[in-house]
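Novice: Following this message is one structure expressed as structure tokens.
We did not get these values from a lab; they are worked out from the coordinates using the rules stated. Being a predicted model, the structure only gives us computed values, none of them experimental. Cβ: placed from backbone, ideal geometry, glycine included. Neighbour counts: every protein chain shown.
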Amino acid sequence: MGCFALSFSFLTSCGSPAKKSVTIGADALAGSCVGGPTTGAISRWDENPRTSSGNASLAFTSTLSASDAKPGVLTGLAGNCLLQNQMFSLTKDSYYPSSIAAPSGGALLYAPSTPQFRQLNSFYAASELRDLMGTIGENLSSLSRISIDAHCKVANNAYFSPSQNALCLGYADVGSYRRIWAADDADVIVHEAGHAVNHALSSTSVLNSSGEAGAIDESIADYWALTVHNNSVLSEWFLGYLGGIRDASLNYPYPGSMQYEVHDDGEVLTQTLWRLRASLGRAHSDAIVAKTLVMLPTPARFSDFYLTFYAAAKLHYGVTASSDPNLTLIRQEFTARGIHRTDAPTAIAPDGTRPTYVIDDHSISALSGGNCNGVLDVGETALVLVNLRNPIAGHQGMGVAYLSSIPAGITVPSGGGVGEFFRFLPSQSFANSLPTGSTRGDATSSAAFLVRATTAGMKTFSANYVPMFADPLSTAPAYGTYQFNFTLNVASGTNQSSCSNSALWP
């Protein structure tokens with residue numbers, strides 16, 4: 001069973017959901033007018049204070065200078081004396097509710113120290129993504145107007161909330177009684193607006209359908225920011241302070257670098273797309289990425305993204321022959337990254353040393369009755385990780401196991417009969433292939449089956465393992481499904497309403 005995000009943040013992983021205590025309310029329309037300006041001159045950053053000033057070492061505690069700002073023009077305003085266009089709205093502010101920039105005629109020129117500067121910078125940057133979508137011909141008319149909170153009350157983060165259809169742009173305290181704001185960093189703004197675009201072109205359900213679907217969403221949100229600003233480095237300012245800059249010019253391999261953390265794992269795909277942008281050209285790459293989102297199936301994993309990207313490219317170029325030079329470039333790049341693959345282990349089976357882990361604690365809401373003894377007892381709903389071993393001396397990418405035979409006395413809650421094994425290291429068990437750190441538990445939960453015992457005794461299960469297949473030139477081989485069996489001895493221990501035992505987890 002999987003761990004899938006319900007909000008889409010710049011820094012927060014599935015294991016640590018974005019802060020949901022922040023309420024982004026409906027736009028307040030006081031001060032609106034009829035026949036107001038539809039354009040407005042502003043001052044804004046050329047991406048962020050560091051890139052705009054040309055000083056890559058600009059201190060985060062610096063007083064930001066108006067001389068480093070660049071001119072910009074807001075276009076397509078609604079003409080109602082509010083900061084609104086067809087796609088975005090900024091008419092409220094959590095920290096500065098009485099200082100809202102409003103286009104009522106004349107220039108909107110504010111100093112970088114003012115909240116209005118950051119509001120206008122946010123609106124301008126988000127609208128750059130709107131303009132890109134128009135350039136590549138994507139129709140986002142079905143997307144409701146997105147509210148922007150340029151001074152959201154959330155520390156060290158920024159996020160897009162699908163339920164509130166809003167961007168929350170937070171802050172970081174940098175010392176000396178100073179803060180830096182995500183609203184000063186156009187990469188953050190476009191990234192979060194990019195989530196809204198992704199979910200409009202695809203859907204929230206598709207982009208929440210697997211462990212790798214969240215990484216796809218983060219990757220494409222990064223890609224939109226990078227392509228808008230024509231810069232491979234993401235967020236030299238906000239992430240620069242928080243220590244999480246992402247660089248699409250690097251070369252992380254799949255699946256060896258995967259950590260089961262959506263932002264980290266998304267970098268593998270972003271780097272692939274950035275190289276393709278250089279070889280195919282920006283206009284073609286942008287259009288194919290957007291078309292891929294429209295066509296993306298569910299569940300969506302990296303293999304599905306690659307095959308869909310290839311199909312979208314064929315439609316975009318109007319070609320079918322695999323010898324087409326652009327299709328060849330796409331195959332070469334996904335192959336070099338390790339995503340083009342046809343994993344075919346000669347056999348796969350539970351590890352001989354530790355074949356299963358029974359996790360009968362209360363760490364997630366789906367578990368109940370557990371007494372934390374590592375044995376499945378009658379009345380318990382527990383996670384069962386079958387610790388499969390990779391039999392080959394090479395990596396395996398995302399594979400999926402499905403329960404095919406469930407013994408009497410066992411029930412499987414909805415979705416509990418599927419396990420996603422996000423990677424295997426060469427000649428290693430899945431437990432030995434897990435990442436270190438906070439995402440280890442998420443990866444374990446995603447690979448484990450969820451079962452409930454109703455009677456005691458020895459129980460034998462059968463399951464099918466489907467290895468990763470991602471080759472647009474052929475169909476999945478018939479031998480690509482491997483059956484394995486495992487047994488559990490269900491006991492009759494006393495159920496408990498709460499307990500914890502970290503030793504249950506690999």
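Novice: Give, to the nearest whole percent, the P(r) tail of the chain beyond 29 angstrom, counting all Cα pairs.
Specialist: Numbers: 69338 of 127765 pairs.
Taking all Cα-Cα pairs of the chain, the fraction more than 29 Å apart is 54 percent.
Novice: Something else about it: What percent does the relative contact order of the chain come to when contacts are Cα pairs within less than 8 Å and at least six residues apart? Write out the running numbers ahead of the final one.
Specialist: On the way: 1134 pairs, mean separation 66.8, N = 506.
Relative contact order, the chain: 13 percent.
Novice: Still on this structure, please answer the following. May I ask you to sort ILE180, ILE136 by Cβ crowding, counting other Cβ atoms within 10 Å and putting the fewest first? Spell out each step's value before the answer.
Specialist: Numbers: ILE180 22, ILE136 16.
Final ranking by Cβ density, sparse to dense: ILE136, ILE180.
Novice: Considering only the stretch 117-251, what is the antiparallel percent among its DSSP beta bridges, to the nearest 5?
Specialist: Details: 10 of 14 bridges.
Antiparallel: roughly 70 percent of the beta bridges in the stretch 117-251.
Novice: Same structure, new question: Residue by residue through the stretch 236-242, which ³J(HN,Hα) values in whole Hz follow from phi under the Karplus form 6.51 cos²θ - 1.76 cosθ + 1.60 (θ = phi - 60°), with glycine and proline marked x?
Specialist: 5, 9, 5, 6, x, 6, 7
Novice: In whole Hz and in residue order, list the ³J(HN,Hα) couplings for the stretch 494-502 that follow from phi through the Karplus curve 6.51 cos²θ - 1.76 cosθ + 1.60, θ = phi - 60°; x for Gly and Pro.
Specialist: Once θ is set to phi - 60°, the couplings for the stretch 494-502 become 6, 6, 10, 8, 7, 5, 8, 6, 5 Hz.
Novice: What is the sum of charges around ALA59, taking Lys and Arg as +1, Asp and Glu as -1, for the other residues whose C-beta is under 12 Å from the C-beta of ALA59?
Specialist: Values: positive: ARG50, ARG178; negative: none.
Net of charged neighbours comes to +2.
Novice: Follow-up. Can you put ASP360, ASP131 in order, fewest other beta carbons within 10 Å first? Before the final figure, lay out each step's value.
Specialist: On the way: ASP360 27, ASP131 12.
Exposure proxy ranking, most exposed first: ASP131, ASP360.
Novice: Of the peptides 292-299, 445-452, how do they stack up when ordered by the mean number of other Cβ atoms within 10 Å, highest first? If you can, show how the numbers build up before the last one.
Specialist: On the way: 292-299: 18.8, 445-452: 25.0.
Top to bottom by mean Cβ count within 10 Å: 445-452, 292-299.
Novice: Averaging sequence separations of C-alpha pairs under 8 Å and six or more residues apart, then dividing by the length of the stretch 349-504, give the relative contact order as a whole percent.
Specialist: On the way: 370 pairs, mean separation 50.1, N = 156.
It comes to 32 percent, rounded to a whole number.
Novice: Then there's this: For SER429, enumerate residues with amide H under 5 Å from its amide H, sequence gap 5+ or separate chain, H modeled in the peptide plane.
Specialist: Under 5 Å from the amide H of SER429: ASN390.
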